[in-house]
Amino acid sequence: MSLLQVSGLRKSFGGVQAVDGVSFDVAAGELLALIGPNGAGKSTTFNMVGGQLRADGGSVRLGGTELLGLKPRVVWRLGVGRTFQIAETFASLTVAENVQMALLSADGLVYALWRRAAAHRRADALALLEQVGMAAQADRPCSVLAYGDIKRVELAIALANAPRVLLMDEPTAGMGPQERNELMALTKRLVVERGIAVLFTEHSMDVVFAHADCLIVLARGRLIAQGSAAEIREHPKVQEVYFGSGKTFEAAPA
């Protein structure tokens with residue numbers, strides 16, 4: 001069942017059509033990768049879906065609710081979580097307190113004093129950290145964590161408002177090959193268990209081909225291909241856009 005339905009999404013900047021009629025759906029438990037060469041319109045599409053950028057036209061629906069025109073905070077409260085290319089945590093707070101801050105916000109207490117975070121729903125914060133493999137480091141400050149661990153904390157934060165859809169912007173940026181695949185395997189397990197729909201952008205093709213259930217490819221603002229990893233790898237238009245004629249994607253490592 002599709003949770004997120006995007007239809008006819010459009011955006012132009014100064015007469016340049018950055019996104020031109022892009023449509024796709026994301027189902028519960030599905031990881032949908034949004035890829036394309038530089039300037040394809042990936043970030044513009046991604047930010048319109050999340051509410052960070054106003055669309056010129058089209059529709060983004062979460063179930064039966066139209067999201068276009070809503071502020072990012074409202075989109076978040078309706079059930080759209082997000083992670084960022086550069087992980088965003090409070091370095092001076094502990095791992096648990098970072099998640100508790102997210103729980104405060106999810107409970108509508110975003111303006112409460114920071115000192116209240118340590119007392120707010122600690123058991124729930126620890127449960128989220130257990131799911132991402134970070135419970136043992138709950139009382140360490142985020143400032144001392146390795147970057148891969150910070151990415152796991154960010155995932156726990158993103159799950160704090162029990163999202164129905166999760167937007168992940170370059171989730172494995174800055175990580176080594178093993179860390180990348182471990183994080184995406186963890187994400188896949190959690191979204192299947194929770195029935196979350198995931199839309200993610202990613203430059204690492206090994207991650208995309210190994211973990212995405214479906215891929216959509218943009219070029220010059222238009223959707224040029226959609227399908228499984230095997231279908232996209234062999235798609236002539238995708239090969240032409242990425243490499244020119246006569247070349248193919250390399251198979252993802254096992």
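Observations on the model:
- Cα pair distances of the chain binned at 10 Å [whole percent]: 7, 30, 34, 21, 7, 1, 0
- Sequence of 211, 235, 203 once ranked by neighbouring C-beta atoms within 10 Å, starting from the fewest: 203, 235, 211
- On full extension, the segment bounded by residue 59 and residue 147 gains 28.1 nm, given 0.36 nm per residue less the C-alpha separation.
- Multiplying the residue separation of residue 77 and residue 7 by 0.36 nm and removing their Cα-Cα distance gives an extension gain of 23.0 nm.
- For the chain, built as a Gaussian network whose Cα springs stay under 10 Å, the top-fluctuating residue of 158, 138, 33: 138
- FRET E, pair residue 92, residue 130, Förster distance 30 Å, beta-carbon r, rounded to 0.05: 0.80
- Cα-projected label distance for residue 162 with residue 122, points at 7 Å along beta-carbon direction, nm: 2.3
- Label-point gap, in nm, between residue 52 and residue 85 - each point 7 angstrom along Cα→Cβ: 0.9
- The distance from the alpha carbon centre of region 196-225 to that of region 156-170 is 17 Å, rounded to a whole number.
- Most fluctuating residue given options 53, 199, 166, as computed from a GNM of the chain linking Cα atoms under 10 Å: 53
- Footprinting exposure proxy for 164, 189 (fewest neighbouring C-beta atoms within 10 Å first): 189, 164
Read-outs throughout are calculated quantities, based only on the coordinates presented, and are distinct from any laboratory measurement. A quick note: this is a predicted structure, and the numbers were derived from the prediction, not measured. Backbone-built Cβ (ideal geometry, glycine too); neighbour counts: all protein chains shown.
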